[in-house]
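Below is one structure, written out as structure tokens; the observations come after it.
The values are calculated or read from the model by the stated rules, or taken from the named source; none is laboratory data. Since this is a predicted model, take the numbers as computed values, not measurements. As a convention, Cβ positions derive from the backbone with ideal geometry for all residues, glycine included, and neighbour counts pool all protein chains shown. With ligands, DNA and RNA removed, areas are computed over all heavy atoms of the protein, side chains included. Shrake-Rupley method; radii C 1.70, N 1.55, O 1.52, S 1.80 Å.
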Amino acid sequence: MKKFLPVFCLAVFLICGLSSCKNGDHFITDKKVRQKAEQQFEIQKKLAKNRSSQLFGVFDKDITLAEEEALTFLYAYMPLSDLADYDGDFYLKNVRASLAARDTFSWGRTVPENLFCHFVLPIRVNNENLDSSRWVFFMELKDRIKKMPMRDAVLEVNHWCHEKVTYKGTDGRTSSPLASVKTAFGRCGEESTFTVAALRAAGIPARQCYTPRWAHGDDNHAWVEVWVDGTWHYIGACEPEPLLDMAWFTAPAKRAMLVNTNVFGDYNGPEDVLLKDPRFTRINILSNYAKTKRIFVRVTDGRNKPADSATVDFQLYNYAEFYPLHKAYTDKDGLCSFLTGYGDLVIWVSKQGLYGYQKISVGQSDTIHIQLVRKPGKEYAEIFDLVPPPEDNTAMPVADSLKNRNAERLEFENKIRGNYESTFIDSTKACRLAVTLNYNGDTLWQFLRASRGNWRGIIDFASEVPAGKKNLVFPLLEAVSEKDLRDVDPEVLKDAILFSGKFPPTGGTGEDFVKYILNPRVDNEYLKPSKNRLQSEFKTDTIEKFRKDPSGLVRWIKSNITIDLAANYGRAPLTPVGSFELRVSDPHSREILFVALCRSFGIPARLEPASRIPQFFREGCWRDVWFEKPPQAENERGKLVLNSDKGNLKRPEYYIHFTIEKFRDGFFRSLDYENDPSVNAFPVTLEIEPSYYLAVTGNRIPGGTILAQLTCFNVEKDREKQITLSLRNDQAPPAVLGVLDLKSFLGDLAQGKPVRLRSAGGYVIAWMEPDKEPTKHFVVDLRQKKASFDKWNGEIILLFKDDGEKQSFMAKNSGLPFRLQCIAANSLALKELSVALHKQTGQQFPVVIYVNAKGEIFYHSQGYRIGIGDDLLRFAR
């Protein structure tokens with residue numbers, strides 16, 4: 001019997017152990033990877049303990065071993081926002097869709113496990129809200145591509161994406177993939193988020209690539225890299241080309257100073273690593289596109305000893321500010337490095353209140369020595385010329401047959417998308433509906449037109465509002481952003497209407513009530529119904545105490561919401577309800593929660609437009625809220641008066657020609673006055689915090705070089721500081737790039753009758769590619785500079801490949817300069833231009849020239865470039 005007991009116990013142990021194991025194969029066969037994920041998963045479980053049942057109850061369901069390990073991997077590395085605002089059933093559906101894709105497509109089992117974990121399984125791409133696109137896209141794509149080779153499938157998915165979405169600039173909040181489909185357009189960050197989601201739904205490894213800022217122009221761009229049969233390739237999202245590694249941004253990317261991507265999880269690949277975090281890995285993939293060089297920075301103190309753990313910013317001029325491309329920290333020898341392109345940067349270092357900086361040309365630099373000897377407070381000015389990497393317009397040769405076949409497909413896909421857009425409500429139906437619902441027809445139509453594919457959601461909301469609150473419907477729709485109209489859930493709007501009046505406003509006007517109480521939009525957070533939920537979580541007497549003294553609400557948040565500075569790396573803010581439930585937040589999401597709680601309790605609140613400091617309205621003024629900083633100086637202000645130098649050839653515009661940057665923690669960071677009308681008319685007067693500031697001005701000249709000036713100054717409490725903004729002018733006279741026989745050239749320009757010689761001021765002539773992003777940027781430039789071009793005694797001629805393209809463009813575009821004509825162009829005109837310029841032109845569109853009345857060409861641009869309108873106005877005067 002004694003011999004039997006150990007055997008019996010062992011048998012029971014084995015049976016119990018086996019019965020507790022999940023069935024099936026491992027999702028992660030590498031034991032070390034699995035163990036590391038499990039360790040990080042335990043950390044996440046503790047972090048999200050207040051939402052334990054919503055998130056982790058899914059593990060108690062009947063799931064396979066592969067599903068369990070995939071869920072564990074997702075939970076282990078997801079950002080805080082994803083722990084706060086979604087639940088386990090949502091993640092299980094996504095895991096099952098990913099595994100179904102792996103089993104459905106021929107390439108599924110050929111994708112290495114490491115790449116599948118990091119570039120297929122993850123749901124989040126950028127800072128979009130998550131949706132059900134993974135299984136929706138899988139079901140729509142599987143029969144279309146499952147018999148194709150992987151390379152062909154990638155191209156086909158991109159064609160499918162183009163059927164759904166095309167490029168149009170939007171605000172900075174990233175729409176979810178399904179919201180982009182509903183809208184039928186998006187900016188590059190939304191197109192690439194959508195395309196990555198579609199490729200991952202098909203089991204194809206994909207990642208969103210990002211140049212945070214271009215070196216040669218004031219903008220940025222996002223696109224897609226996709227892994228095909230062992231190699232990473234790039235594509236333009238929703239911009240299908242006949243082959244991989246073809247896109248309009250090929251030439252601009254060769255001038256980039258950084259292309260990077262955040263990889264989900266603890267990724268160990270061959271790429272240059274910029275940042276290693278427990279939850280994600282940031283990699284530098286610039287060498288896939290451009291010539292690169294590693295530069296080293298050596299930081300020392302005032303005694304020339306190595307400065308350990310100094311912060312180093314590698315800054316690029318863009319949008320009139322010095323943007324930190326990459327942040328690094330020095331080692332014990334005072335050293336750090338950065339792999340970048342062959343342009344100019346400003347290297348800025350800081351430690352313990354001291355700083356130093358140096359402007360460098362990467363091609364002429366190896367190790368840069370910077371001392372930490374500067375202290376904030378010194379007033380001075382200096383100038384920099386900042387040069388981008390050189391142009392390289394060499395392109396992959398493609399057979400005309402492939403180009404033509406692809407162009408035919410693009411036109412067909414435009415029609416498919418157009419057919420979907422034709423299902424949007426029209427003005428007649430909107431006005432009929434308005435009569436039924438007892439709303440003003442013209443006003444309702446304006447909101448429904450802006451809502452695009454979300455028009456039914458707006459109607460659902462408007463039709464269910466009680467009669468006594470209908471007067472708030474239009475003010476609410478006006479208060480939210482235009483993008484909100486396109487993707488907001490009607491339940492969010494109902495929640496705002498029904499529960500914003502539960503507590504009377506503690507102050508402000510009727511307009512303040514709409515903007516700062518009724519409005520559910522605080523910043524760039526995902527909108528979920530919150531007012532009713534937040535009101536129900538507090539007793540009425542507690543709410544009344546908060547209404548009398550909102551500082552009590554600040555104390556409640558500080559006591560009840562734990563701040564984690566690292567976990568929310570995905571940059572998607574937590575919703576107010578998410579922060580409240582999780583009881584963990586990042587600082588920005590905490591401030592959104594504060595504003596949302598105030599509004600729920602009838603207290604007008606906002607994030608201040610320039611500084612983003614949370615504020616509540618009390619006794620006729622806005623009061624700053626500080627969660628870390630002592631509040632004794634919260635209402636101190638100084639006055640800054642900005643004047644435009646009389647020698648400026650143009651009126652300085654914020655984020656185009658100048659910025660004001662505040663010194664904070666060793667660095668200058670820009671104040672956000674992008675949409676503030678107070679900076680539009682000079683002299684500009686700003687009421688700002690007393691501090692040390694930097695005024696940056698820059699004039700970008702053709703070719704991309706910036707003529708910059710930096711002015712450091714102090715703003716003191718209750719004192720006025722005068723600053724004059726000077727835009728440095730290019731002293732070199734414009735060069736004649738070539739000469740055209742205008743009579744012959746204009747005579748041959750059109751497919752029909754010749755263009756009349758009628759312009760004393762010269763001609764802006766542009767060969768267009770209307771459906772591509774670079775041409776759309778040029779059109780935006782023309783529209784924004786319409787007033788200036790209308791004063792010009794010249795002609796703008798836009799050229800199209802045929803009459804159909806011309807007519808389509810004219811139907812879709814309004815608000816362009818008055819002296820503009822559209823022409824179906826003779827294809828020989830580009831060849832004639834190439835002869836005049838002595839170089840091949842037309843590989844990238846738009847091709848834009850300025851030619852004076854004598855036929856002298858003073859300006860030539862081809863392909864992607866921001867600011868062409870400003871460039872042309874230097875000549876068109």
Rg over Rh, two decimals, region 557-697 (C-alpha only, Kirkwood Rh): 1.02
Length-normalised contact order of region 309-438 in % [C-alpha pairs under 8 Å, at least 6 apart]: 17 percent
Between region 325-389 and region 545-597, the alpha-carbon center distance in angstrom: 36 Å
Most to least packed among 699-706, 265-272 [average Cβ atoms within 10 Å]: 699-706, 265-272
Probe 1.4 Å - accessible area at C621, Å² to nearest ten: 50 Å²
Length-normalised contact order of the chain in % [C-alpha pairs under 8 Å, at least 6 apart]: 9 percent
Normalised alpha carbon radius of gyration of region 455-556 [divisor 2.2 N^0.38 Å]: 1.11
Range of Cα positions in region 547-605 per principal axis (Å), largest first: 35, 19, 16
Viscosity 1.567 mPa s, 4 °C: Kirkwood-radius Stokes-Einstein D of region 262-382 over Cα pairs, µm²/s: 84 µm²/s
Local net charge near S427, Cβ-Cβ under 13 Å (Lys/Arg +1, Asp/Glu -1): +1
Solvent-accessible heavy-atom area per residue, rounded to whole Å², over the chain at 1.4 Å: 43 Å²
Distant alpha-carbon pairs in region 723-838 (separation over 23 angstrom), percent: 39 percent
Most to least packed among 651-657, 849-855, 367-373 [average Cβ atoms within 10 Å]: 849-855, 651-657, 367-373
Isotropically averaged projected area of the chain, using the convex hull of Cα atoms (one quarter of hull area), nm²: 43.9 nm²
Region 811-851 - convex hull of the alpha-carbon atoms, volume per residue in Å³: 107 Å³
Within the chain, helix-based [θ] at 222 nm, where runs of 4 or more DSSP H residues each add -39,500 (n - 2.57), nearest 500: -10500 deg cm²/dmol
Separation of the S337 and T394 label points, Cα + 7 Å toward Cβ, nm: 2.6 nm
Length added when fully stretched, A407-D645, from 0.36 nm per residue minus Cα-Cα: 80.8 nm
23 Å tail of the calculated P(r), region 35-141, as % of Cα pairs: 24 percent
Of all accessible heavy-atom area on the chain, the percent that carbon and sulfur account for (1.4 Å): 51 percent
Cα pair distances in region 285-329, grouped into 10 Å bins until the bin that holds the longest one, percent each: 22, 38, 32, 8, 0
DSSP-loop trypsin sites (Lys or Arg not before Pro) across region 452-541, with at most 14 other Cβ within 10 angstrom: K502, K539
Cα Rg, Dmax, region 502-584, angstrom units: 14.1, 40
Tail weight of P(r) past 14 Å, computed on alpha-carbon pairs of region 575-655, percent: 72 percent
Cα centroid of region 277-298 to Cα centroid of region 649-722, whole Å: 30 Å
Overall Cα dimensions of region 362-458, principal axis frame, Å, largest first: 72, 56, 20
Solvent-accessible area of M810 with every protein chain in place, 1.4 Å probe, in Å² to the nearest 10: 100 Å²
Region 756-822 - convex hull of alpha carbons, volume per residue in Å³: 83 Å³
Long-range HN-HN contacts of D301 with modeled amide H, under 5 Å: A307, L372
Rounded Å value of the spacing that divides the Cα centres of region 73-116 and region 730-750: 57 Å
Karplus-derived HN-Hα couplings along region 204-221 (A = 6.51, B = -1.76, C = 1.60, θ = phi - 60°), whole Hz, x at Gly and Pro: 9, x, 8, 8, 7, 9, 8, 9, x, 8, 6, 7, 9, x, 7, 5, 9, 7
In order through region 280-297: 3J(HN,Hα) via Karplus (6.51 cos²θ - 1.76 cosθ + 1.60), integer Hz, x for Gly, Pro: 7, 10, 9, 10, 9, 10, 4, 5, 6, 10, 9, 6, 10, 8, 8, 9, 10, 10
Computed P(r) (all Cα pairs; region 72-130; 5 Å bins; percent): 4, 17, 29, 25, 15, 9, 3, 0
Residues of type aspartates and glutamates that K801 reaches as a straight line, Cα spacing below 20 Å, ignoring anything fewer than 8 places off in the same chain: E239, E241, D400, E408, E411, E413, D748, E769, D771, E773, E832
Size descriptor, Kirkwood hydrodynamic radius, that averages inverse alpha-carbon separations across region 799-877, Å: 14.1 Å
Rg over Rh [alpha-carbon atoms, Kirkwood Rh] for region 234-307: 1.13
Modelled FRET efficiency - R0 41 Å, S309 with N50, Cβ distances, 0.05 increments: 0.75
Sequence-distant residues sharing a close amide H with V584 (under 5 Å, placed H): T562
At R0 = 51 Å, FRET efficiency that the Cβ-Cβ distance of K629 and M139 yields, to 0.05: 0.50
Whole-number percent relative contact order across region 469-588, with pairs defined as alpha carbons under 8 Å at least 6 apart: 25 percent
Phi-based couplings in Hz for region 47-62 (Karplus 6.51, -1.76, 1.60; Gly and Pro marked x): 4, 9, 4, 6, 10, 4, 5, 5, 8, 9, x, 4, 6, 7, 7, 7
